[in-house]
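Student: Pasting a structure here, questions to come.
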Amino acid sequence: MCGIVGYIGNKEKKEFLLNGLKELEYRGYDSAGIAVLKDGKIDSFRALGKLENLKEKTKNFFSDGFGLGIGHTRWATHGKPTEANAHPHSGDFSYIIHNGIIENYKELKDNLIAEGVHFLSQTDSEVIVHLFEKFIKEGFSSKEAFKKTISLLKGAFAILLITKNDKESIYFAKNAVPLIIGKSKDGEIFFSSSDAPLIGHCNEVIYLEDKSFGWANKDRIKLFVNKDKKEPQFVPLTIDKTYAQKDGYRFFMEKEIYEQANVAGETLMGRVCDNEIVLDELNELDLDKINEIKICACGTSYHAALTSAYLFERIGRIKCSVEIASEFRYKEPLLDQKILFIVISQSGETADTLEALKMAKKAGLQTLAICNVDNSSIVRLSDATLLTRAGIEKGVASTKAFATQILTLWMLALFIGQKFRKISKETLNLEIKALLHIPTVLQVKNSLHEKIRRLSKRYLHGHGFFFIGRDIFYPLALEGALKLKEISYLHAEGYPAGEMKHGPIALADSKLFTIALMPKNILYEKIKSNVEELSARDATILAISPLEFDLADDFIKTSMQDHPMSEFFEMMIITQILALEISIRLGNDVDMPRNLAKSVTVE
Ligand code: AGP
């Protein structure tokens with residue numbers, strides 16, 4: 001996810017911009033750039049990859065004395081990660097940086113091209129600078145031109161613009177993407193997409209509201225909200241960096257749970273178009289040669305794989321098997337070249353998954369990585385990659401990585417069904433509608449979080465937890481149990497509900513906690529009778545369902561959704577928050593649980 005910084009003042013601008021971008025690195029990026037306006041001249045630098053590359057490019061550039069600077073880290077959405085697509089984007093005399101998505105860019109771009117404007121990048125962002133310059137050329141002042149430009153943009157944006165037409169000001173706009181303005185005691189002005197780059201530089205900030213825009217120079221900030229003039233309201237800036245990076249959440253895991261709605265949108269972006277699934281990344285593969293899928297992964301990624309196996313067979317109508325990577329490595333598997341070999345990994349560095357991938361490559365199979373970290377070992381080795389676009393995940397207990405893996409795999413199952421004509425147009429439309437609804441489902445309601453927080457105090461003891469579910473809710477039960485055990489250190493198991501009577505039900509008594517995932521859209525009557533059997537043996541039951549269930553000790557009511565995947569994601573959030581709240585009550589370090597590492601690079 002992109003990051004933005006800006007500066008107005010006398011100090012060395014490059015220094016603040018590069019250090020500020022460094023603070024935003026955790027958001028993830030694939031290119032970076034800066035532009036500095038000083039003495040009527042704009043210098044701009046862009047580099048692909050790490051900030052070190054940009055540092056290297058700017059090593060002989062200095063910019064002390066009064067001036068303006070803007071800096072950006074880009075996480076590719078529209079257009080590949082290339083230097084041409086990196087920000088700042090320029091026109092003839094102005095430069096912009098932008099986070100978010102300009103939804104109507106295509107239409108704006110087509111109009112500008114028709115008027116003879118030449119575009120240098122594939123991004124949606126570039127239209128902003130050309131629109132601005134078009135209005136200047138038509139005779140408008142910079143301020144009027146900026147106002148007019150912003151009024152034409154639809155979508156989400158945080159924008160900074162500098163122009164030779166106004167050597168004193170940075171122009172800014174914000175809608176649905178964060179942007180902060182800071183002020184130092186020495187009268188410097190700062191911009192940033194989050195608090196962290198500002199700490200140590202300024203003591204007061206404005207957290208801009210949606211639909212804000214304006215311009216700032218060293219003497220004043222002119223702010224409009226919804227086109228109405230507004231007096232800027234500064235508030236004190238927090239001084240704790242880690243707290244700032246957590247955006248006020250208690251733990252990174254909590255922040256990441258709440259981020260899921262946003263990152264789900266990023267995952268879907270550009271991949272669901274006009275009622276079909278478009279996965280250009282798969283052009284590297286010859287899918288006509290495959291008739292089967294095999295997936296290898298570990299931990300949470302393995303649970304995502306298990307979930308997807310239901311989707312591949314049910315909607316993609318393609319045979320799919322799933323293996324734990326550490327088991328696969330030593331079983332001397334039979335590998336047929338008609339198998340598409342998929343590895344799933346958040347980090348892209350998991351040793352067992354990487355080795356499984358090497359085995360598949362050696363056997364001549366086509367390979368595909370579903371991964372969150374671009375340029376990781378797994379991505380570099382695979383024939384093709386679908387990036388999950390969750391942004392950097394800091395909590396050891398994976399949350400948003402899981403959600404985005406599932407979304408990516410669901411799209412892949414639809415893509416395969418679509419490609420081999422195994423899915424009807426009608427079903428595809430319904431599935432796409434459901435996919436697009438997921439970012440809404442993933443929004444965490446305060447009332448739900450509060451209910452789970454209160455409930456959690458009853459689940460701090462006992463001799464164990466069983467998370468049970470059927471169909472795709474079985475891997476979700478496995479994942480719910482893994483989340484809980486990772487951060488609470490309580491014993492938890494995930495089980496297919498129908499299997500309980502084949503052994504585990506012997507454990508049932510009042511101290512056995514059963515977390516029952518009871519969706520209405522898949523096998524409700526079946527799971528209901530499985531839970532009744534446990535209730536009859538006095539197990540303590542927390543039922544999660546949209547349908548009232550009298551035999552439960554505790555009940556979390558989910559919403560009435562039409563699609564099982566919506567129910568899946570809603571229940572996923574509940575199990576994540578339950579694990580979080582139990583762990584917090586037990587006083588554990590949620591983000592860094594004992595004995596665990598974020599990236600498991602050893603066997
Ligand atoms: C998830 O909460 C875990 N920390 C762990 O199971 C993780 O999913 C596993 O180690 C695999 O990691 P990867 O996705 O980076 O390959």
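Student: For region 489-499, what are the residues that are of a type in the set (Gly, Ala, Ser) and out of contact with any Lys or Arg (no Cβ under 9 Å at 6 or more places or on another chain)?
Tutor: Of everything in region 489-499, just one residue is of a type in the set (Gly, Ala, Ser) and out of contact with any Lys or Arg (no Cβ under 9 Å at 6 or more places or on another chain), namely Gly494.
Student: Criterion first (within 10 Å of the ligand (Cβ to nearest atom) and charged (D, E, K, R)) does Glu327 satisfy it?
Tutor: Working: within 10 Å of the ligand (Cβ to nearest atom): no; charged (D, E, K, R): yes.
Spelling it out, it is not the case that Glu327 is within 10 Å of the ligand (Cβ to nearest atom) and charged (D, E, K, R).
Student: For region 26-36, state whether one or more residues are polar (S, T, N, Q) and either touching a Ser or Thr at 6+ places or on another chain (Cβ under 8 Å) or crowded, with 19+ Cβ neighbours inside 10 Å (or both). So that I can check it myself, show each step before the final result.
Tutor: Going through region 26-36, the residues polar (S, T, N, Q) turn out to be 31.
Those left that are additionally either touching a Ser or Thr at 6+ places or on another chain (Cβ under 8 Å) or crowded, with 19+ Cβ neighbours inside 10 Å (or both): 31.
Scanning region 26-36, I find at least one residue that is polar (S, T, N, Q) and either touching a Ser or Thr at 6+ places or on another chain (Cβ under 8 Å) or crowded, with 19+ Cβ neighbours inside 10 Å (or both), so the answer is yes.
Student: Hey, another quick one. Tally up the residues in region 362-374 that are at pLDDT 95 or above and either within 10 Å of the ligand (Cβ to nearest atom) or within 29 Å of the chain's Cα centre (by Cα) (or both), please.
Tutor: Number of matching residues: 6.
Student: Strands (runs of 3 or more DSSP E) wholly in region 69-183 with at least 1 residues that are surrounded by 19 or more Cβ atoms within 10 Å (Cβ to Cβ) and of a type in the set (Lys, Arg) - which ones?
Tutor: Values: elements: 94-102, 155-163, 166-175, 180-183.
In region 69-183, the matching strands (runs of 3 or more DSSP E) lie at 166-175, 180-183.
Student: OK, next. What about Ser566, is it on the phi < 0 side of the Ramachandran plot, out of contact with any strand residue (DSSP E or B) (no Cβ under 6 Å at 6 or more places or on another chain), outside any loop (DSSP other than H, G, I, E, B) and not assigned by TED's automatic domain parsing to the domain that holds Leu311?
Tutor: For Ser566, the condition - on the phi < 0 side of the Ramachandran plot, out of contact with any strand residue (DSSP E or B) (no Cβ under 6 Å at 6 or more places or on another chain), outside any loop (DSSP other than H, G, I, E, B) and not assigned by TED's automatic domain parsing to the domain that holds Leu311 - is met.
A quick yes/no check of all residues on (1) modelled with pLDDT of 95 or more; (2) β-branched (Val, Ile, Thr); (3) in contact with a Leu (Cβ under 8 Å, 6 or more places away or on another chain):
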| position | (1), (2), (3) |
| --- | --- |
| Asp92 | yes, no, no |
| Ile101 | no, yes, no |
| Lys106 | no, no, no |
| Asp110 | yes, no, no |
| Gln122 | no, no, no |
| His130 | yes, no, yes |
| Phe135 | yes, no, no |
| Gly139 | yes, no, no |
| Ser142 | yes, no, no |
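Student: Next question, about the same structure. Just need a number here: residues in region 375-392 that are touching a strand residue (DSSP E or B) at 6+ places or on another chain (Cβ under 6 Å) and either of a type in the set (Ser, Thr, Tyr) or within 13 Å of the ligand (Cβ to nearest atom) (or both).
Tutor: 4
Student: A follow-up question, please. For the structure I just gave you, tell me whether Leu430 is assigned to a helix (DSSP H, G or I), farther than 30 Å from Leu596 by Cα and either under 20 Å from the mean Cα position of the chain (by Cα) or within 13 Å of the ligand (Cβ to nearest atom) (or both).
Tutor: no
Student: Would you call Gly395 outside any helix (DSSP H, G or I) and within 11 Å of the ligand (Cβ to nearest atom)?
Tutor: yes
Student: If you don't mind, there's one more thing I want to ask. Condition test on Thr408, is it over 12 Å from the mean Cα position of the chain (by Cα) and within 16 Å of the ligand (Cβ to nearest atom)?
Tutor: no
Student: Among the residues of region 459-503, which ones are away from the ligand (no atom under 16 Å from the Cβ), farther than 17 Å from Glu533 by Cα and among the hydrophobic types (A, V, I, L, M, F, W, C)?
Tutor: Leu460, Ile472, Phe473
Student: Moving to a separate point now. Has region 584-593 got any residue that is in a helix (DSSP H, G or I), among the β-branched types (Val, Ile, Thr) and closer than 30 Å to Glu349 by Cα?
Tutor: Among the residues of region 584-593, at least one is in a helix (DSSP H, G or I), among the β-branched types (Val, Ile, Thr) and closer than 30 Å to Glu349 by Cα, which makes the answer yes.
Student: Among the residues of region 367-378, what is the count of those that are out of contact with any helix residue (DSSP H, G or I) (no Cβ under 7 Å at 6 or more places or on another chain) and more than 15 Å from Lys50 (Cβ to Cβ)?
Tutor: 1
Student: A further question on this structure: Tell me yes or no: at least one residue of region 452-466 is of a type outside the set (Lys, Arg), on the phi < 0 side of the Ramachandran plot and part of a strand (DSSP E or B).
Tutor: Within region 452-466 (the criterion being of a type outside the set (Lys, Arg), on the phi < 0 side of the Ramachandran plot and part of a strand (DSSP E or B)), the answer is yes, since at least one residue qualifies.
Results for (1) assigned by TED's automatic domain parsing to the domain that holds Glu209; (2) hydrophobic (A, V, I, L, M, F, W, C); (3) in contact (Cβ under 8 Å) with a residue 40 or more places away in the chain, shown as yes or no for each residue.
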site: Lys109; (1), (2), (3): yes, no, no
site: Gly116; (1), (2), (3): yes, no, no
site: Phe135; (1), (2), (3): yes, yes, no
site: Phe140; (1), (2), (3): yes, yes, no
site: Ile159; (1), (2), (3): yes, yes, yes
site: Ile180; (1), (2), (3): yes, yes, no
site: Asp186; (1), (2), (3): yes, no, yes
site: Ala196; (1), (2), (3): yes, yes, yes
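Student: While we're here: Using the structure shown, decide if Ser44 is of a type in the set (Ser, Thr, Tyr), in a strand (DSSP E or B) and without any contact (Cβ under 8 Å) to a residue 60 or more places away in the chain.
Tutor: Judged against the criteria, Ser44 is a match.
Student: Tell me, which strands (runs of 3 or more DSSP E) wholly within region 276-384 include 2 or more residues that are in contact (Cβ under 8 Å) with a residue 12 or more places away in the chain and surrounded by fewer than 17 Cβ atoms within 10 Å (Cβ to Cβ)?
Tutor: Correct list: 319-324.
Student: Within region 46-65, can you find the residues that are surrounded by 15 or more Cβ atoms within 10 Å (Cβ to Cβ) and closer than 23 Å to Ala216 by Cα?
Tutor: Ser63
The values are calculated or read from the model by the stated rules, or taken from the named source; none is laboratory data. Source: prediction; values computed, not measured. Virtual Cβ from ideal backbone geometry, glycine too; neighbours counted across all protein chains shown.
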